[in-house]
1. Need the full-extension length gain, residue 276 to residue 217, defined as separation in residues times 0.36 nm minus the C-alpha distance. One decimal, nm.
2. Given only helices, namely DSSP H runs of n ≥ 4 each adding -39500 (n - 2.57), what is the per-residue ellipticity at 222 nm of the chain, to the nearest 500 deg cm²/dmol?
3. Average the reciprocal distances over every distinct pair of alpha-carbons in the chain, invert the result, and give the Kirkwood radius in Å.
4. Can you say what percent of the DSSP beta bridges in the chain, counting only those with both residues inside, are antiparallel? Round to 5.
5. How far apart, in nm, are two points set 7 Å out from the Cα along the Cα-to-Cβ line at residue 260 and at residue 70?
6. Identify which of 110, 170, 254 has the largest mean-square fluctuation in a Gaussian network model of the chain, with springs joining Cα atoms closer than 10 Å.
7. For the peptides 139-148, 13-22, what is the packing order when you average, over each peptide's residues, the other Cβ atoms within 10 Å and list the highest mean first?
8. Mind checking which of 255, 200, 216 has the largest fluctuation in a GNM of the chain, springs on alpha carbons under 10 Å?
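Nothing in this text is a laboratory measurement; each read-out follows from the coordinates by a stated rule. Bear in mind the structure is a predicted one, so any value in this text is a computation, not a measurement. Because the Cβ atoms are built from the backbone with ideal geometry, glycine has one as well, and the counts that use them run over all protein chains shown.
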């Protein structure tokens, strides 16, 4: 796809990969329809992507609100005259045990990570068809390729996004539609998702770790790929009409091991988790008076 003169709609554009996508696409000649739950972050992104002759519109939208997403889609079509690209990028994270995850927290994760993708796809797909050259890009995660302890809700949402996107891609191809779909699986990317995550109280009690300490540790662990590099890898995947895009060397490695080992990858994950916990206990013992 040539991005010059195209119109791209991006959710979660107030920071992270969403903001980086907006910047990269603007540099390639795209007009932009941006949304985010954060009015401040969205305004900052708009300032960063202003280019002569390219229209940029923005709306504060919670992708969990189906009516709001459909309204934004209609407004974007009216303002720009068309929409060619949709990046369903907005996402949230939760650390909790599968057995005791509060239902409200589970719903919060699914409403944003999964239903937000469904709402965006269904709202924009008619406009993408109308454009004659459309593409749906659903930002999933390596957590849609393999499971991780304490991430059951997040895993559930991302596995759902993967299945939804792959089915959508096949349906569009069988139909011969002028729209394609790509599922993106980033590994660790330097965004604020960990800093803004929810950490269940039951997890904190069992781990002996305060919520903010866990967020800080998780944030350090995802500092593998910059948001700018991630955005470029996503855009390159769209250019080649890839079915799946693995973002970052860690995503490539995790995908390789899950393909190689099948369900046995879980043994390696548990071994790594046990090693991390042992190191944490040793550090805590050394720090104790």
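1. On the way: separation 59, 0.36 × 59 = 21.24 nm, distance 1.13 nm.
The span from residue 276 to residue 217 would gain 20.1 nm if fully extended.
2. On the way: 11 runs with 157 residues, N = 289.
Rounded to the nearest 500, the figure is -17500 deg cm²/dmol.
3. Working: mean 1/r = 0.0511 Å⁻¹.
Hydrodynamic radius (Kirkwood, Cα pairs) of the chain is 19.6 Å.
4. Working: 0 of 30 bridges.
Taking every DSSP beta bridge with both residues in the chain, the antiparallel ones total about 0 percent.
5. Inter-label distance under the simple model: 4.8 nm.
6. 170
7. Values: 139-148: 23.3, 13-22: 27.4.
Top of the packing list down: 13-22, 139-148.
8. With Cα springs under 10 Å in the chain, the top fluctuation among 255, 200, 216 is at 216.
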